[in-house]
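This report concerns only the one structure given below.
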Amino acid sequence: MLQIYTIPVSLYSAKLRILLRHKELVWEEIPPPGGYGSMEYRQIVPAGNLPALRDGSLLLADSEAIAEYLDETHPEPPMLPDTPAGRAIVRERSRYHDTRLEPAVRALFPYMPERKRDGFEAGRHTDVLTDRLEGLGRVLENRVLEKAIPSAQLTLGDCGFPVTLCWLDLLIPLLGLPVEIPAAVLEYRDGLYRHKAVAEEMAEYRPKLVAEMKLWVAE
């Protein structure tokens with residue numbers, strides 16, 4: 001059985017579980033020994049990041065590497081298009097999530113506790129998030145995308161966005177950020193929720209995240 005090292009509200013673990021659900025795989029979740037980032041866990045996973053996948057003797061700890069490995073070893077349903085252009089666009093979209101949008105959202109995490117909001121630069125974070133969301137909207141409106149990727153296909157490039165947008169949906173009102181999510185991004189998110197795997201994961205993930213956020217705010 002596949003095993004994944006994870007904690008309940010790990011964003012990238014939720015991203016991986018969407019893939020696992022979509023492929024109807026069976027997995028076991030294991031908390032990182034010693035806790036997230038501990039030296040004990042780093043003896044197993046040198047980078048100390050989550051999730052990590054163990055499949056027999058193989059251990060992988062990069063979410064992109066894990067996703068492509070699982071798509072190759074469990075090819076149905078496929079999560080990469082069958083054309084070079086389609087695959088390149090999916091990978092571009094995935095990189096946009098991992099290197100542009102998600103880091104901008106993660107930069108807000110330290111300010112969740114009320115006692116840590118002194119000096120919080122709301123304007124700067126609003127500008128960055130607005131730029132990243134508008135950029136995503138332009139990526140999604142790319143007409144090449146419609147020809148290269150079937151609209152009903154859930155791809156490797158999609159799995160992170162429902163999770164990150166869930167975080168953003170909770171953080172915007174919590175921190176009082178005047179951020180408007182573009183219509184193209186909202187339409188894309190709603191379309192992702194029509195996939196059974198996304199809906200099932202987010203139905204379980206969001207309540208856990210809400211509960212954890214209440215604890216973090218009160219720290």
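Rule-based calculations on the coordinates, nothing more; no lab input. Predicted model only: the values in this text are computed from it and were never measured. Glycine gets a Cβ as well: all are built from the backbone with ideal geometry, and neighbour counts include every protein chain shown.
Please work out how much length the chain gains when fully extended from Glu24 to Phe120, using 0.36 nm per residue of separation minus the C-alpha to C-alpha distance, in nm with one decimal.
Using 0.36 nm per residue and subtracting the Cα-Cα distance, I get 30.3 nm.
So if each residue of separation counts as 0.36 nm, and I subtract the Cα-Cα distance between Asp169 and Val217, what length gain in nm does that give?
Gain in length upon complete extension: 15.7 nm.
So how many Lys-Lys pairs in the chain land under 16 Å Cα to Cα, not counting same-chain pairs under 8 apart?
Counting lysine pairs in the chain gives 5.
Can you list residues whose amide H is under 5 Å from Glu29's amide H, if they're 5+ apart or on another chain and H is modeled 1.01 Å from N?
Ile4
Once every DSSP H run of n ≥ 4 in the chain is given -39500 (n - 2.57) and the sum is divided by its residues, what mean residue ellipticity at 222 nm do you get, rounded to the nearest 500 deg cm²/dmol?
It comes out at -16500 deg cm²/dmol, rounded to the nearest 500.
Sum up the charges of everything whose Cβ sits under 12 Å from the Cβ of Tyr12, counting Lys and Arg as +1 and Asp and Glu as -1, but leave Tyr12 out.
Net charge around Tyr12: -1.
Binning at 10 angstrom from zero up to the longest distance, how are the C-alpha pair distances of region 39-185 distributed in percent?
Reading upward from the zero bin: 10, 33, 31, 21, 6, 0.
Just going by the charge dipole of the chain, with Lys and Arg at +1 and Asp and Glu at -1 on Cβ, which of Leu25, Leu2, Leu174 is farthest out on the positive end?
Looking along the dipole axis, the top candidate is Leu174.
Which distance in Å, rounded to a whole number, links the C-alpha centroids of region 198-218 and region 39-118?
19
Note down, for region 2-73, the three equivalent ellipsoid semi-axes (square root of 5 times each alpha carbon gyration tensor eigenvalue), biggest first, whole angstrom.
Taking √(5λ) for each eigenvalue gives 19, 13, 10 Å, largest first.
What distance in nm separates the simple spin-label points at Ala152 and Asp62, each placed 7 Å from Cα in the Cβ direction?
The modelled label-to-label distance comes out at 3.4 nm.
Within the chain, which complete DSSP H helices have Cα atoms spanning at least 30 Å along the helix axis and a mean Kyte-Doolittle hydropathy of -0.5 or higher?
Once both thresholds are applied, what remains is 196-217.
May I ask you to compute the full-extension gain from Ser38 to Asp127, defined as 0.36 nm times their residue separation minus their alpha-carbon distance, rounded to one decimal in nm?
Stretched fully, the Ser38-Asp127 segment lengthens by 28.6 nm.
By count of other Cβ within 10 Å, fewest leading, how are Trp167, Trp216 ordered?
Trp216, Trp167
How many nm is it between the label spots at Glu92 and Glu76, if each spot is 7 Å from the Cα in line with the beta carbon?
Each label point lies 7 Å from its Cα, and together they span 3.2 nm.
If you place +1 on the Cβ of every Lys and Arg, -1 on the Cβ of every Asp and Glu, and leave all else neutral, what size is the dipole of region 84-217 about its Cα centre, to the nearest 20 Debye?
In total the dipole reaches around 280 debye.
If packing is taken as the mean number of other Cβ atoms within 10 Å per residue, what is the order of 55-61, 154-160, highest first?
Ranking the peptides 55-61, 154-160 by packing returns 154-160, 55-61.
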